[in-house]
Amino acid sequence: TGAGDCTITATQDGNGSWKPAEPAARTFRIDRAPLEVRARDQTRVLGAANPPLTVSYAGFVGDDGPADLSGTLACATTATESSPVGIYPITCSGLASPDYAVHDMPGALTITFAAAGACVDGPGHRILQPVDADGSSVFKQTSTVPVKFRVCEANGASVGLPGVVTRFR
């Protein structure tokens, strides 16, 4: 019947052998069911627009679903199209129900550099000469080899920030 106070009254009719029983009423409380509304984690490439921010639900009872909630779901992140590489919070709120204790759970938007591929023409990262991108370069042992990288954002523009390359093998 939903959350709240509930009273059940038991009755027993009599018959030729037994007298009817007095009605017995018992009151108890039905608590709201816990419902988790979790912002889904998202990933995007540096310089790209933020993806749609969505949620998942855990805890609906029976045939209930998002349509049984009131209010308007609103999700937001602190990341903008110009935000640097990093992890940004996603928060959602605005839903309620008399039958559910709604718990809003945060998610994360991860902004990354584009995967390997062409730079200038599109997003990606590339190792530059004198090192061959296919790993076939040969150098004299103990020699110093200058290694250069190009890392590009979603529109193919080079990103020349210090600390862009954090690991090289």
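The values are calculated or read from the model by the stated rules, or taken from the named source; none is laboratory data. This structure is a prediction, so every number in the text was calculated from the model and none was measured. Neighbour counts run over all protein chains shown; Cβ positions are idealised from the backbone, glycine included. Just so you know, the surface numbers come from the protein's heavy atoms only, side chains and all, with ligands and any DNA or RNA stripped out. Shrake-Rupley method; radii C 1.70, N 1.55, O 1.52, S 1.80 Å.
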Exercise. Assuming Pro34 fulfils every condition listed in (1) open to solvent by 100 Å² or more (accessible area, probe 1.4 Å); (2) closer than 19 Å to Gly107 by Cα apart from one, which condition is it?
Worked result: (1)
For this session: Could you run through region 52-95 and say how many residues are surrounded by 14 or more Cβ atoms within 10 Å (Cβ to Cβ) and either of a type in the set (A, V, I, L, M, F, W, C) or touching a helix residue (DSSP H, G or I) at 6+ places or on another chain (Cβ under 8 Å) (or both)?
Result: 12
Seminar exercise, completed: Note on region 111-150: residues modelled with pLDDT of 75 or more, open to solvent by less than 40 Å² (accessible area, probe 1.4 Å) and closer than 26 Å to Arg40 by Cβ are Ile111
For this session: Just need a number here: residues in region 1-44 that are among the polar types (S, T, N, Q), at pLDDT 90 or above and closer than 30 Å to Ser56 by Cα.
Result: 2
Exercise. Pairs under 9 Å by beta carbon, first residue of a type in the set (Lys, Arg) in region 45-71, partner open to solvent by 60 Å² or more (accessible area, probe 1.4 Å) and at pLDDT below 95, six or more apart or different chains?
Worked result: none
